[in-house]
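**Student:** What follows is a structure written as structure tokens; I'll ask about it next.
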């Protein structure tokens, strides 16, 4: 083979190799990227472990497995609502296929960030009153999901608390003033307090130190029982709140089971694990092509009453048989 022939042969082989490499890169580039789900939450990752598991299980049943054919991008505000707009904007910038928004503040931040990307919400408020959807049955727009309506259960919680401590004249309501539904929960509970002849004291707190101060105020004002609203910040600080309630011997009712499991007296509210499972189902359906506008907002049909009998005993309380029979779970 002449020198010229060898040079031509070498160039030919090199050209073929280069062409093959380009084709491989192009083929790889043409492979569809895995769709991403933006998971935007007002809570923290630690507080949401069970809920995330339920969400992922529901996605799996729809055929979507994180890391295999879908990617979940988590964004946690950890009770700091001012972080949510930037977190929502980041998810939109990443062009996720669907956004899950957990909590009223997260839902509003997601709505403000996009009118195009489908949004699945899980909130405790009425999404119609919040301006998130046109109606519960036909949401319209790019938003649907689950409403636990926890914010409007204040009257029921006060009724349950009154059953346990019927002679208490003054009841406290621990509220984070920055929580979107704080005003609604206050007004609902005030009406219920008047109905049973109790005086309602509002205790505001949005930090750990303010929670300590709220309990000090509770003692000064001789508050005989306490209600804690369902703010994500309070959920993350539940050990502190439960410990303070025990230290000051204050019978307390909470929104979520986590509090009763941590030693709180009573909790009454929606089963959040089931709610997260439902939003996972909706996220899967949207990934398959359904539109949020045509998916009715799901409302809970069952609420959980959990009573910690060990805590009741330590407080010297006798839980009425009526409540024991109604309880979904008794912790001993």
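The values are calculated or read from the model by the stated rules, or taken from the named source; none is laboratory data. The model shown is predicted, which means the values in this text are computed figures rather than measured ones. Cβ coordinates were reconstructed from backbone atoms using ideal geometry, including for glycine residues, and neighbour counts include every protein chain displayed.
**Student:** Quick one: residue 53 ticks every box in (1) modelled with pLDDT of 95 or more; (2) under 21 Å from residue 236 (Cβ atoms); (3) touching a strand residue (DSSP E or B) at 6+ places or on another chain (Cβ under 9 Å) bar one, so which box is it?
**Tutor:** (3)
**Student:** Now for a different question. Is it the case that residue 228 is surrounded by fewer than 19 Cβ atoms within 10 Å (Cβ to Cβ) and closer than 22 Å to residue 320 by Cβ?
**Tutor:** When the stated conditions are applied, residue 228 does not pass them.
**Student:** Additional query: From the list 124, 145, exactly one residue is touching a helix residue (DSSP H, G or I) at 6+ places or on another chain (Cβ under 8 Å), modelled with pLDDT under 90 and not assigned by TED's automatic domain parsing to the domain that holds residue 316. Which is it?
**Tutor:** Being touching a helix residue (DSSP H, G or I) at 6+ places or on another chain (Cβ under 8 Å), modelled with pLDDT under 90 and not assigned by TED's automatic domain parsing to the domain that holds residue 316 holds for just one of 124, 145, which is 124.
**Student:** Determine which member of the set 322, 310 is assigned to a helix (DSSP H, G or I), exposed (fewer than 15 other Cβ atoms within 10 Å of the Cβ) and modelled with pLDDT of 95 or more.
**Tutor:** Just one listed residue meets the conditions, 310.
**Student:** Across region 163-214, what is the total count of residues that are in contact with a strand residue (DSSP E or B) (Cβ under 8 Å, 6 or more places away or on another chain), part of a helix (DSSP H, G or I), over 22 Å from residue 82 (Cβ atoms) and in contact (Cβ under 8 Å) with a residue 40 or more places away in the chain?
**Tutor:** Result for region 163-214: 1.
**Student:** If you don't mind, there's one more thing I want to ask. Quick check: anything in region 94-109 more than 24 Å from residue 51 (Cβ to Cβ), part of a loop (DSSP other than H, G, I, E, B) and free of Cβ contacts under 8 Å to residues at least 40 places away in the same chain?
**Tutor:** Checking region 94-109: not a single residue is more than 24 Å from residue 51 (Cβ to Cβ), part of a loop (DSSP other than H, G, I, E, B) and free of Cβ contacts under 8 Å to residues at least 40 places away in the same chain.
**Student:** Answer with yes or no whether residue 87 is in contact with a helix residue (DSSP H, G or I) (Cβ under 9 Å, 6 or more places away or on another chain) and modelled with pLDDT under 95.
**Tutor:** The answer is no for residue 87.
**Student:** What's the number of the only condition in (1) in contact with a helix residue (DSSP H, G or I) (Cβ under 8 Å, 6 or more places away or on another chain); (2) closer than 23 Å to residue 185 by Cα; (3) touching a residue at least 40 places away in the same chain (Cβ under 8 Å) that residue 133 fails to meet?
**Tutor:** For residue 133, the exception is condition (1).
**Student:** State the number of residues belonging to region 266-298 that are over 30 Å from residue 159 (Cβ atoms) and in contact (Cβ under 8 Å) with a residue 12 or more places away in the chain.
**Tutor:** Qualifying residue count, region 266-298: 14.
**Student:** Can you find a residue that is at negative phi and loosely packed, with under 15 Cβ neighbours inside 10 Å anywhere in region 248-268?
**Tutor:** yes
**Student:** Looking at 14, 93, which one is modelled with pLDDT of 95 or more and over 22 Å from the mean Cα position of the chain (by Cα)?
**Tutor:** 93
**Student:** Of everything in region 56-72, what is under 30 Å from residue 237 (Cβ atoms) and buried (at least 22 other Cβ atoms within 10 Å of the Cβ)? Give them in sequence order.
**Tutor:** 59
**Student:** Given the structure, is residue 112 closer than 28 Å to residue 89 by Cβ and in contact with a helix residue (DSSP H, G or I) (Cβ under 8 Å, 6 or more places away or on another chain)?
**Tutor:** It is true that residue 112 is closer than 28 Å to residue 89 by Cβ and in contact with a helix residue (DSSP H, G or I) (Cβ under 8 Å, 6 or more places away or on another chain).
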